[in-house]
Amino acid sequence: MSLIEKISDQAPSLTPSERRLVETVIEKPAAAALGTAGALARAVGVHEATASRLAKKLGFESYASFRDALREEFIATHETATRFEKTIATSTSETILGKLAREEAQALGRVEEFITADQIAEVAGLLMRAGRIFIYGYGNAEVLALMMVKRFRRFGKQVQHLDADPRGLAEQLLGISAGDVVLSFAFRRAPRGYAALIETAREAGATTITISGKSGALLTPKPDHLLAAPRSGDPDAFQTLTVPMTVCNAVVIAAGLTGKDESLKTLDRLGQLIERFE
């Protein structure tokens with residue numbers, strides 16, 4: 001079980017201080033892996049005992065064992081991101097555009113530390129095999145939800161774009177059943193209706209997938225499949241959708257590859273219909 005999975009399993013029982021520690025570890029795993037419990041606690045503003053307690057809650061004998069797991073899971077892959085960061089650091093531009101581009105590149109360079117190719121392939125396969133796909137995005141995530149609705153309709157899938165309005169959402173989920181898939185987005189915190197959505201899908205036997213940022217490991221209830229990677233920008237200020245959009249595009253491409261011939265046939269038919277309607 002990966003560290004992210006262990007955190008997800010324990011998310012409901014974490015205290016506010018432990019959640020702050022977890023967010024820091026997910027955001028900067030290499031720094032946490034190389035530092036001490038005291039250093040991590042001071043950086044977050046909590047007592048050192050909180051770091052030790054968190055390690056034990058996640059199933060480790062001590063913080064040292066927790067740190068070893070961090071090193072094993074993140075340090076090896078972080079080297080590539082570090083080299084990439086040094087490469088782009090040669091830019092001297094202090095413009096908003098230049099700064100933003102560097103931050104986006106750094107965040108994208110780290111995405112494979114958090115999401116594997118196998119996870120992308122598994123999620124893509126689930127979506128392509130689904131009887132129906134229900135997609136939910138609230139606030140800024142709505143643009144990603146709309147993109148995924150269009151992409152999977154083009155594959156010939158039955159896709160339902162879920163309403164943000166609670167009553168409308170409830171009406172749309174009346175017919176959800178086993179074999180369906182719910183794809184949702186959650187970033188700074190779980191969006192309105194998230195918990196009810198996951199619980200309703202679970203009761204019906206549908207599969208749940210969530211695309212998230214660093215807070216994904218703290219989502220309650222836990223989705224069946226989680227694709228979570230930190231976004232660029234200040235966690236306490238403006239953050240972009242570049243990383244989750246890239247994750248979405250990777251899922252779409254992988255979905256097309258799972259049934260390449262059928263996907264191309266469907267897209268060709270779509271082209272014919274577009275010509276007819278235009």
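The values are calculated or read from the model by the stated rules, or taken from the named source; none is laboratory data. Bear in mind that the values here come from a model prediction, so they are computed numbers and not experimental data. All Cβ positions, glycine included, derive from the backbone under ideal geometry; neighbour counts span all protein chains shown. All accessible areas refer to the heavy atoms of the entire protein, side chains included, with ligands and DNA or RNA removed. Shrake-Rupley method; radii C 1.70, N 1.55, O 1.52, S 1.80 Å.
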Just want the answer: with Cβ charges of +1 for Lys and Arg and -1 for Asp and Glu, which residue in Leu21, Val252, Gly98 is farthest toward the dipole's positive end in the chain?
Gly98
Give the accessible surface of the chain per residue, rounded to a whole number of Å², with probe radius 1.4 Å and ligands, DNA and RNA excluded.
52
With a 10 Å radius around each residue's Cβ, average the other Cβ atoms per peptide and rank 122-130, 96-104, highest first.
122-130, 96-104
For segment 104-148, state the semi-axes of the equivalent ellipsoid (square roots of 5 times the eigenvalues of the alpha-carbon gyration tensor), sorted largest first and rounded to whole angstrom.
22, 18, 6
Take each of the peptides 222-231, 145-154, 112-121, average the number of other beta-carbon atoms within 10 Å over its residues, and list them starting from the highest.
222-231, 145-154, 112-121
Among the DSSP beta bridges whose two residues both lie in the chain, what percent are antiparallel, rounded to the nearest 5?
5
Out of the total accessible area of the chain (probe 1.4 Å, heavy atoms of protein only), what percent is carbon and sulfur?
54
With -39,500 (n - 2.57) per DSSP H segment of 4 or more residues and division by the full residue count of the chain, the 222 nm estimate, nearest 500 deg cm²/dmol, is -17000 deg cm²/dmol
Measuring from a point 7 Å past the Cα of Arg19 along Cα-to-C-beta, which residues in segment 210-229 have an amide N at less than 11 Å?
218-220
